[in-house]
Structures are given as C-alpha cells and as structure tokens.
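Structure first, then comments.
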Amino acid sequence: MATATRVCAPDGACAVAVWVLQELVLVANVGDAKCILARAPEQPASGASAAASQPKPKAIVLTKEHTALIERQRIEKAGGTVVNGRLAGRIQISRSFGDAAFKKLGCSAVPDVTAFPLTARDRFMLLGCDGFWGVFGSQEAVDTAAALLAEGAEPKAVTNRLLNLAVREKKCKDNCSVMLVQFA
C-alpha cells in the first residue's frame, strides 16, 4: 500500500476558468492566462449585401492581466515592492495559486471575475496560457479559429492547429495550451 507524503512545492500557477450557467457566462482568472470571446458583429439593416452574411467575429478580451507593473499600487498597499517590473524583483505576475513565499509580499490568489449574458452573436471562446498568447494576438487567434471552424474543422482539430502554429511556426518557447469552447 502506497502512502502519500505532503510536498510543499514553492511554485505557483496561473489559471482561467469559465462557467456557463444557462444564459450567463462567468469568467475568472488569476495571473496571465486569458479568455477571449469571439462575437459576431450586429447584423446590418435589411437590404444589405449578402456578401456580409458571414462577417468575421470580433475578439473581446474577458480577462485582466495580473502583472506586477499593472498592479503596482495594490502590491505596495499590501506592503510589497515592484522592482524592475517584478514583484519583489522576482516574479512578473501579481496573482497566482501557490507562490506562498510571495503572498506576504502582495501576490494574491483572488481572481478577477467577469460575467455577461450569452447572446446569439457569441460564437466561441479561446482560453489559453501566457505562452500561447505570447505568440498569438487575440484577433489573430479568433480569425484563425473562425476560419478553421467555417471550413468544417472540429474543435479539437482547431486547437491542434492553433498549437501547431504557436509552437512550430511561431516558435513559442514557453508552456503553450489553448482550449476552445464553442457555443451551439
């Protein structure tokens, strides 16, 4: 019989989470993981060109980036410092799970939460880590995913292609993950 031992790892992690509750969407994040919504523009008035029937969805950023530079005031109010754009001169992010040694210096695990009503114009969301968003712009990722979906690709094939582009073609050297949540 194996026994579990308690390991106190000093590392931390960033996260983004989504809950879809009927017509309400909640998005929470800590750190630099992001969620982007792909929302189709409003339909033009009747009589408009049929060529505009499939307009490209717009990328809407649903998360807030938590870096030491952005949250300097909160960190300093908590007794911490920002040195060279890093919390205590060591880590760039200002919110994470873990990173216990930095909690007393102003690092927080409290997420930012965004809520919005799901509409018929909402096509999909892309959730990704900093490595993915480090090589992909929000609109570029939405455009790429929308084009693949329009060609009939399944969501898993879309994420595989996005990751292939990020790692092999855009040379991402960081951790790289992306998830697609498609609305029916």
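Checking each residue in region 82-96 for being more than 18 Å from Ala17 (Cβ to Cβ), among the hydrophobic types (A, V, I, L, M, F, W, C) and surrounded by 16 or more Cβ atoms within 10 Å (Cβ to Cβ) picks out Val82, Leu87, Ala88, Ile91. Among the residues of region 158-169, those identified as closer than 16 Å to Asp143 by Cα and surrounded by 14 or more Cβ atoms within 10 Å (Cβ to Cβ) are Val158, Thr159, Asn160, Arg161, Leu162, Leu163, Leu165, Ala166. In the set (1) farther than 24 Å from Leu37 by Cβ; (2) buried (at least 17 other Cβ atoms within 10 Å of the Cβ), Met125 fails one condition alone, (1). Taking every residue in region 53-67 that is of a type in the set (Gly, Ala, Ser) and pairing it with any residue that is assigned to a loop (DSSP other than H, G, I, E, B), at least 6 positions away or on another chain, the pairs with Cβ-Cβ distances below 9 Å are Ser53/Gln43; Ala59/Gly137. Of all the numbered requirements in (1) within 17 Å of Thr159 (Cβ to Cβ); (2) buried (at least 16 other Cβ atoms within 10 Å of the Cβ), Asp99 misses one, and that requirement is (1). Restricted to region 107-180, the set of helices (runs of 4 or more DSSP H) holding at least 3 residues that are farther than 21 Å from Ala17 by Cα comprises 138-150, 155-164. The residues of region 27-50 that are within 18 Å of Met179 (Cβ to Cβ) and either part of a loop (DSSP other than H, G, I, E, B) or modelled with pLDDT under 95 (or both), listed by number, are Gly31, Asp32, Ala33.
Looking at Ser108, Ser138, Ser94, just one residue is in contact with a Cys (Cβ under 8 Å, 6 or more places away or on another chain), within 30 Å of Asp11 (Cα to Cα) and either of a type in the set (S, T, N, Q) or modelled with pLDDT of 95 or more (or both), and that residue is Ser94.
The values are calculated or read from the model by the stated rules, or taken from the named source; none is laboratory data. Everything quoted here is computed from the prediction, not taken from an experiment. Every residue, glycine as well, gets a Cβ built from its backbone with ideal geometry; the counts of neighbours run over all protein chains shown.
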